[in-house]
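What follows is a short report on a single structure.
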Amino acid sequence: MTRHQPEPEPERQPEPDAGRDPAAPAGRATPAPDPAELPGGAAVEAGGIGLKGPRGWVFREVTVEAAPGSVVALTGASGTGRTCLLLALTGRMKLTEGEARVGGLRLRKQAAAVRRTAALAHVPGVDDLEPSLTVGEHLRERVLLQRRYGTAPLAALKAALRAPRQRRADARRVHDEALAAAGLDLATLPKGPRTAVRDLERLERLRLCVALALIGRPRLIAVDDVDLKLSAPLREEAWALLASVAASGVTVLAVCGEAPAGLPGDVPLVVVVTDRATGARTAEEPAEPAPKADDTDETEKETADALAETGRA
């Protein structure tokens, strides 16, 4: 008597993983891209953020919503935490409360990644230029530092394997692109690239700071005191410079005494008005009474302490 053998069941193929590259080997999921390495500008999203210092709140209840490629003007009276807010949004100061994202990165838990994404272009007391060095020396130093410390390990290895002539050509290209984006023509300086920083006009120094920041190809740059000690025509030139940088896709954070009514080229402008009493408000909300002199002095002391701590870090 012959016993009937059951037919074998067909093998079931595993369903492909969502988010896995079909060409990748089975069982190996493709890692998600690092937001710090993505091209384009960085969106800034903050809700109810605040920073508390040894003497109390430096700023509080700040809300920012800015798309990539926008200019965010942080304006307000002196001593209301504008510079500290600038440094906090670039990962240089630790927030006390609230949540924020810069380029998709959580600011309170991924501050190191935010620092790789954001560059300081001009923040006195934190990234001051050396007055005795020339413009050319600053540029060469920044290119060398970027090649040594500012690239991912794999990219640095690939660059090291290139021929010396190719490496020099790459460095020259990055150098020239940054100067062009900042609108700094070395030929117009008194001694060309050998001009000392101490001999630069204020707007020329701002252009140099922006060029140095752009060498690292950041997604966001931060500029402090944009309109300080500038005449009305030079102030317009400074804002036109920042608008051109934003038009290229890089988000710009700028501290200023007075925000412009608009920017050339229809570049998006977001205005955040800091205030001693409420921390920050939108441009449409009415202003609170001006703070007393004692309160302003106290806040300036808090800001000075915070800047000193950031410089030591």
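The values are calculated or read from the model by the stated rules, or taken from the named source; none is laboratory data. Predicted, not measured: the structure shown is a model, and the values here were computed from it. Every residue, glycine among them, receives a Cβ derived from its backbone with ideal geometry; neighbour counts consider all protein chains shown.
Taking the residues in the range 236-254 that are hydroxyl-bearing (Ser, Thr, Tyr) and surrounded by fewer than 24 Cβ atoms within 10 Å (Cβ to Cβ) as candidates, determine which candidate is modelled with the lowest pLDDT.
In this case the residue turns out to be Ser248.
For Leu86, are the conditions met, namely being in contact with a Gly (Cβ under 8 Å, 6 or more places away or on another chain), under 30 Å from Asp225 (Cβ atoms), of a type outside the set (Gly, Ala, Ser) and modelled with pLDDT of 90 or more? Even if it seems obvious, please write down each step before you answer.
Numbers: in contact with a Gly (Cβ under 8 Å, 6 or more places away or on another chain): no; under 30 Å from Asp225 (Cβ atoms): yes; of a type outside the set (Gly, Ala, Ser): yes; modelled with pLDDT of 90 or more: yes.
It is false that Leu86 is in contact with a Gly (Cβ under 8 Å, 6 or more places away or on another chain), under 30 Å from Asp225 (Cβ atoms), of a type outside the set (Gly, Ala, Ser) and modelled with pLDDT of 90 or more.
Applying the selection to the range 67-77, what residues are touching an Asp or Glu at 6+ places or on another chain (Cβ under 7 Å) and either buried (at least 24 other Cβ atoms within 10 Å of the Cβ) or in a loop (DSSP other than H, G, I, E, B) (or both)? Reasoning before the result, please.
The initial filter retains those residues of the range 67-77 that are touching an Asp or Glu at 6+ places or on another chain (Cβ under 7 Å), namely 75-76.
Residue satisfying the conditions is Gly76 alone.
Taking the range 236-263 only, how many residues are of a type outside the set (A, V, I, L, M, F, W, C), outside any loop (DSSP other than H, G, I, E, B) and within 21 Å of the chain's Cα centre (by Cα)?
Here is the first cut: in the range 236-263, the residues of a type outside the set (A, V, I, L, M, F, W, C) are 236-237, 244, 248-249, 251, 257-258, 260, 262.
Narrowing further to those that are outside any loop (DSSP other than H, G, I, E, B): 236-237, 244, 251.
Subset that is within 21 Å of the chain's Cα centre (by Cα): 237, 244, 251.
The total comes to 3.
Please count how many residues of the range 97-116 are part of a strand (DSSP E or B), out of contact with any strand residue (DSSP E or B) (no Cβ under 7 Å at 6 or more places or on another chain) and crowded, with 19+ Cβ neighbours inside 10 Å.
First, pick out the residues of the range 97-116 that are part of a strand (DSSP E or B): 97-102, 105-106.
If we keep only those that are out of contact with any strand residue (DSSP E or B) (no Cβ under 7 Å at 6 or more places or on another chain) as well, we get 105-106.
With the extra rule that they be crowded, with 19+ Cβ neighbours inside 10 Å, the set shrinks to 105.
So the count comes out to 1.
When Ala36 is evaluated against the numbered criteria (1) surrounded by fewer than 16 Cβ atoms within 10 Å (Cβ to Cβ); (2) modelled with pLDDT under 90; (3) aliphatic (A, V, I, L, M), which criterion, by number, is the only one it fails?
Among (1) surrounded by fewer than 16 Cβ atoms within 10 Å (Cβ to Cβ); (2) modelled with pLDDT under 90; (3) aliphatic (A, V, I, L, M), Ala36 violates only (1).
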